[in-house]
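Structure, as structure tokens:
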Ligand code: MRU
């Protein structure tokens, strides 16, 4: 089952806000609602929101009453802007929308229905490619995991964060499929608890042994020799290898380095933003403080207390051992190896 798909001329998504308590899928017939679903985190995870935005733009093409190409392109420009502003940090969102806008712009002025069909087909290809890319990262990354390893993992980077399979959690799935006996320590990942709710849900179904740990416990497990490798995802990785990922990742990387534990982000080339020289330029989403004060509506402090809620942080590249991509594992100097990984993807098209 896919996290995001086209179903009956609508965009269908698993509602991740309800897991693990309830499994529900929502159908959207208006791209504005797709954008809202991304903002509200019905769908979340960099590649999954990229796919959702791609299907959202295809939906916008079918919604548009335009009768000629210029009018349709104007409607698509407006939809693209709405979808792109849904969340700022994950570059996959803009990457996916731009990819579809290029398809729309390149169509010969044969007819608006052809453009609509081309956009839907481009969104489908993007979603199919996502799964294939994740499987390739899984194969490369699984080579880093030894039989008997305990892996520390942050947030949710699995099937739910992608179209299917996952990035870092995809590597864990691949290592498990290869018959390696592994154990996973899942950071609960406050404030939205993607680790405790979503990664645990996925690992339970896959039969992969895990323990949920409080985020604050990760340092203890690393210092006492109970972690062999740290695997995380990324929402945007800059040209120099600085990695933006779920808030709390930076702390893990620093403690991993202190304890001689390898730290590997698993990053499709669609998440690498070569236009940014360093992580300092990556926009960091700051979400509603209510998520901190009352996680999932359960108050832990009075609602009028001040709070801050940055959703991501940047791990400087000096703490990164290597970056797993679909084209192999990039090692320092990252400015060269990441550029090569992105070029390999462009050459394969
Ligand atoms: O705020 P979220 O849940 O969308 O954040 C997700 C992450 O930080 C993931 O680690 C990231 O998207 C990469 S995994 C596919």
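Evaluate region 167-174: report whether one residue or more is in the same structural domain as residue 39 (by TED's automatic domain parsing) and more than 27 Å from residue 40 (Cα to Cα). No, region 167-174 has no match at all. Checking every residue in region 123-135 against the condition of being in a helix (DSSP H, G or I), surrounded by fewer than 21 Cβ atoms within 10 Å (Cβ to Cβ) and touching a strand residue (DSSP E or B) at 6+ places or on another chain (Cβ under 9 Å) gives at least one match. Within region 200-209, is there a residue that is out of contact with any helix residue (DSSP H, G or I) (no Cβ under 7 Å at 6 or more places or on another chain), surrounded by fewer than 17 Cβ atoms within 10 Å (Cβ to Cβ) and farther than 21 Å from residue 227 by Cα? Yes - at least one qualifying residue is present in region 200-209. Residues of region 43-70 that are at pLDDT 95 or above, surrounded by fewer than 24 Cβ atoms within 10 Å (Cβ to Cβ) and either within 11 Å of the ligand (Cβ to nearest atom) or not in a loop (DSSP other than H, G, I, E, B) (or both): 62, 63. Reported count of residues in region 71-109, each being within 16 Å of the ligand (Cβ to nearest atom) and either touching a helix residue (DSSP H, G or I) at 6+ places or on another chain (Cβ under 7 Å) or part of a helix (DSSP H, G or I) (or both), is 11. Residues in region 301-337 that are more than 20 Å from residue 249 (Cα to Cα) and within 16 Å of the ligand (Cβ to nearest atom): 1 in all.
Do we have residue 23 as part of a loop (DSSP other than H, G, I, E, B), more than 16 Å from the ligand (Cβ to nearest atom) and not assigned by TED's automatic domain parsing to the domain that holds residue 242 here? Taking the combined requirement at face value, the residue satisfies it. Identify, please: which residue in region 169-194 is within 11 Å of the ligand (Cβ to nearest atom) and part of a loop (DSSP other than H, G, I, E, B) and is, among those, surrounded by the fewest Cβ atoms within 10 Å (Cβ to Cβ)? By that ranking, first place goes to 193. Considering only region 104-117, how many residues are surrounded by 18 or more Cβ atoms within 10 Å (Cβ to Cβ) and either under 28 Å from residue 274 (Cα atoms) or in contact with a strand residue (DSSP E or B) (Cβ under 9 Å, 6 or more places away or on another chain) (or both)? Residues flagged as surrounded by 18 or more Cβ atoms within 10 Å (Cβ to Cβ) and either under 28 Å from residue 274 (Cα atoms) or in contact with a strand residue (DSSP E or B) (Cβ under 9 Å, 6 or more places away or on another chain) (or both) within region 104-117 amount to 2. Scanning region 265-298 for residues that are free of Cβ contacts under 8 Å to residues at least 40 places away in the same chain and within 13 Å of the ligand (Cβ to nearest atom), we see that the one that is farthest from residue 169 (Cα to Cα) is 288. For region 195-229, a residue qualifies if it is in a loop (DSSP other than H, G, I, E, B) and in contact (Cβ under 8 Å) with a residue 60 or more places away in the chain, and the qualifying residues are 226, 227, 228.
Taken over region 136-155, residues that are crowded, with 20+ Cβ neighbours inside 10 Å, away from the ligand (no atom under 16 Å from the Cβ) and not in a helix (DSSP H, G or I) amount to 2. Would you check which residues across region 319-332 are more than 14 Å from residue 233 (Cβ to Cβ) and in contact (Cβ under 8 Å) with a residue 24 or more places away in the chain and list them? If the condition is that a residue be more than 14 Å from residue 233 (Cβ to Cβ) and in contact (Cβ under 8 Å) with a residue 24 or more places away in the chain, then 319, 321, 322, 327, 328, 329, 330, 332 are the ones that fit.
The values are calculated or read from the model by the stated rules, or taken from the named source; none is laboratory data. Just so it is clear, the model here is predicted, and its values are computed rather than measured. Don't worry about glycine lacking a Cβ; one is built from the backbone with ideal geometry, like all the others, and counts go over all protein chains shown.
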